[in-house]
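First the structure, in the form of structure tokens, and then the observations on it.
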Amino acid sequence: MSGEKEEASFRMFGAYGEPEESSDVPESSGVSSQPEPQVQQQLGSLYGVPWQPPGPLIQHSPADQETSMVTQHQWHLQGLGRSELQAAGLPDAQPGEAAESSPSFLLGSEVGQPYSSSSPSEEVLSLLRAIPPIPDEVVVRQKRAPQGSWKVGTLLHGKRVYAVAISGSTHHVYTCGSGYIRVWDESVLHAGDKAPRAQLDLQHPQDRVVTCKLFPDERSLITGGASQAVTLWDLAPTPQVRARLTSTGPTCYSLAVSSDARICLACFHGFVEIWDLQNQILIRKHEVPVYGSRCVDITGNIFWTGGEDTTLYSWDLRSYQRLHQHNLQNEILSITHDPGEEWVLAGLRTGDIAFLHTRRNEQFKAVMKKYTRHHSLKFASCGSYFVTAIDTRLSGLEAPSLQKLFQIEESSGILCCDVSSDNQYLVMGSNSSATIYQLLY
């Protein structure tokens, strides 16, 4: 229903594989904070990974207990990938089925009896031997997620780094702030004290870049901020300005680029500019709620806006009609989406993360209950994990289980972050520098 206000019906659960922190945020009335099986099944539907309900409590070593103990404050989501099940010779598990492999759970003449089977006949064995092996190139392998990180070094930008980007093809890093953008080549990944490869001065010294996006081919960069223009940069062979798209507002707070790099959305106070990047023309100045215009994102033919009014709005990019509005109950600081454009994630002032499906009426919320000044989100291109930066802490979370993969503590507040498209490096911007980490698998 276009324009209807949708009250929050989020399922709530603790995230990161650790107990929820004590809250200094008042509980919202009418919203349960207890996990429910339906929520976990929805979470398990992310990327088609079947969800397994937690089984009976099993004794583990101390190192495993953090992720194996199930309590009302800590909900461990268990899932076995389809390829793993098939490799083990087991049928795909369905929600609600027992996942145990002990003999009492295997088929027998009666329930609870051990399963026994005679050896296969020679005829069966000969048939099996006649089946050709499956070529490696057609085997679908589960996408890996990093298990840790290693600090490579620090890039001395000299001023506050409001926006940052890193290329997966060239491993060039772009740090953006007031007056200029600095470009760092791959050598900084081996020695973080290197000087920048280039410095791109903005049109006016007082101009400031607060948001940037790499194009999918990583040969172009688009920046916006306090400059009365959205700027297109060619990055190869030499970084230089391609075009300045004159804006109708003083400050661009957020940018989004379509997956085919044809459309750019620039979010200003009270409106969104929709640009045709190929022809470099303004298609439309689209009005949005004044206090719902801090951030913007795009998934297919839908774009999303949110901000101080705590509401996430979705809009049809073809008709420009408002599709839905979701009351998230807290200020929205960032919006991102998964590579398949199935899920939209909203980072909230409380540190919580809201998840909304782009095509189905499915939504849930990972609860942190920790007020923050900055909340950055970035999904990895492989789709198996994303990172969330809250104040001085950045965490890598596995998708869809939300188990914590790694955590980084910085000495100063993290203002922005990015993950290289080859999923090898992570970069974070802060007060006067950017820090690079290599992801360990």
If you go through segment 359-407 one residue at a time, how many are of a type in the set (Val, Ile, Thr), in a strand (DSSP E or B) and free of Cβ contacts under 8 Å to residues at least 60 places away in the same chain? 3
Output the residues belonging to segment 271-302 that are of a type in the set (Gly, Ala, Ser) and either open to solvent by less than 10 Å² (accessible area, probe 1.4 Å) or in contact with a Gly (Cβ under 6 Å, 6 or more places away or on another chain) (or both). Gly292, Ser293
Flagged in segment 187-203 as surrounded by fewer than 14 Cβ atoms within 10 Å (Cβ to Cβ) and modelled with pLDDT under 95, in numbering order, are Ser187, His190, Ala191, Asp193, Ala195, Gln203
Considering only segment 374-386, I want to know if a residue exists there that is at pLDDT below 95, open to solvent by 20 Å² or more (accessible area, probe 1.4 Å), out of contact with any helix residue (DSSP H, G or I) (no Cβ under 7 Å at 6 or more places or on another chain) and among the basic types (Lys, Arg). no
If we keep only residues of segment 234-260 that are among the charged types (D, E, K, R) and not in a loop (DSSP other than H, G, I, E, B), then the residue least open to solvent (accessible area, probe 1.4 Å) is Asp234
Options Ser420, Ser411, Ser401; residue that is buried (at least 17 other Cβ atoms within 10 Å of the Cβ), out of contact with any Pro (no Cβ under 8 Å at 6 or more places or on another chain), within 19 Å of Thr435 (Cα to Cα) and of a type outside the set (Val, Ile, Thr): Ser420
For segment 350-364, what are the residues that are closer than 17 Å to Tyr313 by Cα and over 14 Å from the mean Cα position of the chain (by Cα)? Thr358, Arg359, Arg360, Asn361, Glu362, Gln363, Phe364
From Thr305, Thr350, Thr311, Thr336, which residue is open to solvent by 10 Å² or more (accessible area, probe 1.4 Å), under 24 Å from Ile390 (Cβ atoms), of a type in the set (Val, Ile, Thr) and in contact (Cβ under 8 Å) with a residue 12 or more places away in the chain? Thr336
Evaluation of Val173 against (1) open to solvent by less than 60 Å² (accessible area, probe 1.4 Å); (2) among the β-branched types (Val, Ile, Thr); (3) under 23 Å from Arg262 (Cα atoms) (one fails), failing number: (3)
From the list Glu287, Glu273, which one is farther than 16 Å from Lys213 by Cβ and acidic (Asp, Glu)? Glu287
Every residue from segment 261-270 that is within 19 Å of Ser334 (Cα to Cα) and either open to solvent by less than 20 Å² (accessible area, probe 1.4 Å) or in a strand (DSSP E or B) (or both): Cys264, Leu265, Ala266, Cys267, Phe268, Gly270
Matching option when the condition is of a type outside the set (S, T, N, Q) and on the phi > 0 side of the Ramachandran plot, among Leu402, Leu394: Leu402
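The values are calculated or read from the model by the stated rules, or taken from the named source; none is laboratory data. Bear in mind the structure is a predicted one, so any value in this text is a computation, not a measurement. Backbone-built Cβ (ideal geometry, glycine too); neighbour counts: all protein chains shown. The accessibility values were calculated without ligands, DNA or RNA, using every heavy atom of the protein model including side chains. Shrake-Rupley method; radii C 1.70, N 1.55, O 1.52, S 1.80 Å.
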